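In what follows, a single structure is set out as structure tokens and then discussed.
The values are calculated or read from the model by the stated rules, or taken from the named source; none is laboratory data. Computed from a prediction, not measured in an experiment: that's the story for all the values here. Note that we place each Cβ from the backbone using ideal geometry, even for glycine, and neighbour counts take in every protein chain shown.
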Amino acid sequence: MQLSISVAIGDYDRTRDLLSGRVPIDGAAPTYLALEPEEIFYRSFKLQEFDVCELSLSSYVLQLASGAASYVALPIFLSRAFRHNGIYIRKSSGIKTAEDLKGRRVGCPEYQLTACVWIRGLLEEQFGVHWSEIEWVRGGIEQPGRAEKLAFQMPSDVRMTDAPADKSLSELLVEGSIDAMIAPRRPSVYSQGNPDIAWLFQDPLQGGQDYFKLTNAFPIMHVLGVRKALVERHPWLASSLVKAFGIAKDNATARLNDTAAPKVTLPFLEEYIKRAQEIFGQDFWPYGVAANRQTLEKFLDYHHRQGLSPKRASIEDLFHPASVESFKI
């Protein structure tokens, strides 16, 4: 009899063969829930609702550091992104360069969000802007009242205030109560074409490439988690998940490389793929620890230095031991 499990993940090209049932999970009978990341994270970290789920890397490391993690991660990186396009400014505030953020009021949805960890890290590493030189304002991107999903002690060198109870960060940015905002989602005030709201980096693609040349890190946002109690009872499950998610990702990559008809609604797809392979190699979205060690080390450095993990975690602390190595034929 197969093991019944619930699996909450985003609907991406790299998960689609799982959601459709085309790729099975050996020994398991999954019930899939295709949800947005914010909902998955809230229901997993707050309520532990799912057997297997996509997890915020930062929230997972935060829970791991406190000894309160209900899930153990597998080196399946369902979301990753360079975050130079996640910094939005109010042009009339006079901000023209990253250095101009010093002394400014900058909105962020949650201090501990993975995207925010990476953005603070790149601001310091590339541009010498330390997080302690910014006054942070915490709130919802579009809805007032957002709070940290996990409790932690705010670092002593962080100046953080909460947005007014009736205001979103987007509203504060438009009215000038904050000068800039960092966020993993594009705020509506930018998408709607407000002429005063812009990216800090007019060419975030070049910014990301420069960051990769400097650090050799392709930022990881989300990992796959499996309930610790479940995998302790069924230790084979970790390997089955790594195998299935790896096959689904490889299938998606193969479809991208089929140039007969584009599989993604994007002009110049073949040219973008070629460019990505020139920068990152043939497997430009690798799973596993070995291919991602420098990226993971960089994130753990940032997380610790920014005061989120009192003790710097090691890569070996993060992942289920059965998921770190695999057989070879």
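Side notes on the structure shown:
- Subset tally (residues that are in contact with a Ser or Thr (Cβ under 8 Å, 6 or more places away or on another chain), surrounded by 14 or more Cβ atoms within 10 Å (Cβ to Cβ) and of a type in the set (A, V, I, L, M, F, W, C)) for region 2-33: 7
- Set side by side, the residues 297, 316 differ, and just one is within 26 Å of residue 210 (Cβ to Cβ) and not in a loop (DSSP other than H, G, I, E, B), which is 297.
- Restricting attention to region 167-193, the residues that are part of a loop (DSSP other than H, G, I, E, B), over 24 Å from the mean Cα position of the chain (by Cα) and surrounded by fewer than 17 Cβ atoms within 10 Å (Cβ to Cβ) add up to 4.
- Every residue from region 210-227 that is surrounded by 14 or more Cβ atoms within 10 Å (Cβ to Cβ) and either out of contact with any helix residue (DSSP H, G or I) (no Cβ under 8 Å at 6 or more places or on another chain) or polar (S, T, N, Q) (or both): 215, 227
- Count of region 96-149 residues, restricted to those that are part of a helix (DSSP H, G or I), without any contact (Cβ under 8 Å) to a residue 40 or more places away in the chain and not small (Gly, Ala, Ser), is 6.
The rows are residues; the columns are (1) of a type in the set (Asp, Glu); (2) at pLDDT 95 or above; (3) under 30 Å from residue 7 (Cβ atoms).
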residue: 114; (1), (2), (3): no, yes, yes
residue: 136; (1), (2), (3): no, yes, no
residue: 158; (1), (2), (3): no, yes, no
residue: 173; (1), (2), (3): no, yes, no
residue: 195; (1), (2), (3): no, yes, no
residue: 203; (1), (2), (3): yes, yes, no
residue: 221; (1), (2), (3): no, yes, yes
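- Looking across region 258-268, just one residue is in contact (Cβ under 8 Å) with a residue 12 or more places away in the chain and either assigned to a helix (DSSP H, G or I) or under 23 Å from the mean Cα position of the chain (by Cα) (or both), and that is 264.
- Looking across region 248-288, the residues that are surrounded by 16 or more Cβ atoms within 10 Å (Cβ to Cβ) and among the aliphatic types (A, V, I, L, M) come down to 248, 252, 256, 273.
- Check on residue 271, closer than 18 Å to residue 74 by Cβ, assigned to a helix (DSSP H, G or I) and free of Cβ contacts under 8 Å to residues at least 24 places away in the same chain: no
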